[in-house]
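Okay, so here's the structure we're looking at.
The values are calculated or read from the model by the stated rules, or taken from the named source; none is laboratory data. This is a predicted model, so every value here is computed, not measured. A quick note on method: Cβ atoms are made from the backbone with ideal geometry, for glycine too, and the neighbour counts reach across all protein chains shown.
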Amino acid sequence: MTRIDEILQPFAWFGIKLGLESSQSLLERLGNPQRQVPIVHVAGSNGKGSVCAYLSTVLMAAGYRVGRYTSPHLVDWNERIWLNGQLIAPVALEHTLKQVVAAIAPDAPAPTQFEIITAAAWVYFAQQKVDVAVIEVGLGGRLDATNVCDRPLACVITTISREHWQRLGPTLADIAREKAGILKPGCPAVVGPLPPEAMAVVRQRIAELGCPAVYPVPATPIEAGWAESHGIQYPLPLAGAMQLHNSALAIAALKWLQAQGWNLPDAIIARGIAQTQWPGRLQWLTWQGYPLLIDGAHNSEGAIALRQYVDQVLAHGQPYTLAGDVCFNIGQGGVTWIIGMMRNKDHREVLAALLQPGDRLFLVPVPDNPAAEPETLALLAQEICPDLQECQPFTDVFEALTVAVTPPKATDAGIAAAKPSLTVLAGSLYLIGHFLAKVHA
């Protein structure tokens, strides 16, 4: 356990607590650092991280001093707080967390881990005198600990799907109402493609608050790996068709800033988009010499986007070039899915979006988290897609990976069985983080 874990561990027992009173009280005792930080606030069910990555990278490319706060982290806590392309140093995070913990009122209810680390981000960004911070909502919006600024430079709502419904409400309208809670009177709003039920709620809230609003259409693909939005042509560094939506949303928000006097020439916007990185989402790497696709898809919308991308890869034929110009022969066979999911996710919708006849499915636990039982997921998967080539639970993700990439045994006729062409690790960012922590240890 690191020193940062030791500082945050006592607050893990308080779980998730929606509401602003605790955060506002704590920030007041810290001198209200959030009032010193101009922000772009980003909410949504999917795409928040990518949009935050685009925004922060472009603003940095334009010469601004930029902070970025995102969650969850994949491996280490300091991934959540980013300043001009660098993660906060562990010693700086430790120092800032101690400042926050020391400011907790002795007679106040204990804050949650998320409230503590969010307060640390505000303190750090204020001390570092950032020109702007790009802030990702943790859960929902209206009552999220990040929602403590009265005048954001712009608010972005990426997508809305039925996730965290246990806390945000059972319908898309309920969830949209919570996400629209980041909107502020008169502050620009950039809104992505939403289901009609959700869009009606968001539009109503925009009208009530008098927010100037824009609803950008997806970027237009113009050639392999390139897109155009708002008259700007740029290479797309992040994989998947959803990046046509996410990049267009980011550019629309940057155009609002441009109109408010920020120095953001179109050429800088294109350069910043091209330089963006966002690990753990449709990321290619190798494991034991085999190509492996990892993605944190954890809800139905993310699963649909992942399946669409996988189908595009399989249709691409051979060879397929990964990052770093490493070339692999990826054929057109089935997919081996290695999936672990949190207990509170909609398992049926995710599995239905991912699985097709002939695929193999290996279910694994998500260590150190309240995860769904692999055996339970296996039974559900066989009900959803009875024509899977193989479906079995494993006790460890690396055991499943080893089986996934092991060449199959020869058949009775002496002919090697067809090996599935692609292995995908998905289902939870916490699972992706566990994998990355182990392989990079």
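Details
- Single match in Asn46, Asn78 (criterion: crowded, with 16+ Cβ neighbours inside 10 Å, closer than 23 Å to Glu178 by Cα and out of contact with any Phe, Trp or Tyr (no Cβ under 9 Å at 6 or more places or on another chain)): Asn46
Yes/no per residue for (1) surrounded by fewer than 20 Cβ atoms within 10 Å (Cβ to Cβ); (2) in a strand (DSSP E or B); (3) out of contact with any Gly (no Cβ under 8 Å at 6 or more places or on another chain):
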position: Asn263; (1), (2), (3): yes, no, no
position: Gly272; (1), (2), (3): no, no, yes
position: Gln277; (1), (2), (3): yes, no, yes
position: Arg281; (1), (2), (3): no, no, no
position: Thr286; (1), (2), (3): yes, yes, yes
position: Leu293; (1), (2), (3): no, yes, yes
position: His298; (1), (2), (3): no, no, no
position: Glu301; (1), (2), (3): no, no, yes
position: Ala305; (1), (2), (3): no, no, no
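- One residue from Pro170, Pro188 being assigned by TED's automatic domain parsing to the domain that holds Leu257, more than 18 Å from the chain's Cα centre (by Cα) and at pLDDT below 95: Pro170
- The listed residue being surrounded by fewer than 24 Cβ atoms within 10 Å (Cβ to Cβ), touching a residue at least 12 places away in the same chain (Cβ under 8 Å) and of a type in the set (Ser, Thr, Tyr), out of Thr146, Thr171, Thr159: Thr171
- Put simply, of Val100, Val91, Val130, Val134 the only residue that is assigned by TED's automatic domain parsing to the domain that holds Pro38, at pLDDT 95 or above and surrounded by fewer than 17 Cβ atoms within 10 Å (Cβ to Cβ) is Val91.
- Answer from Ala404, Ala371 - the residue that is under 25 Å from Ile304 (Cα atoms), of a type outside the set (D, E, K, R), touching a Ser or Thr at 6+ places or on another chain (Cβ under 6 Å) and at pLDDT below 95: Ala404
- Inside the range 147-165, residues that are within 24 Å of Pro195 (Cβ to Cβ) and modelled with pLDDT of 95 or more make up a count of 6.
- Any chance Leu8 is farther than 25 Å from Leu183 by Cβ and in contact (Cβ under 8 Å) with a residue 24 or more places away in the chain: yes
- Qualifying residue in the range 148-163 (condition: farther than 30 Å from Gly85 by Cα and not acidic (Asp, Glu)): yes
- The residues of the range 354-398 that are among the small types (Gly, Ala, Ser), part of a loop (DSSP other than H, G, I, E, B) and surrounded by 17 or more Cβ atoms within 10 Å (Cβ to Cβ) amount to a single one, Ala372.
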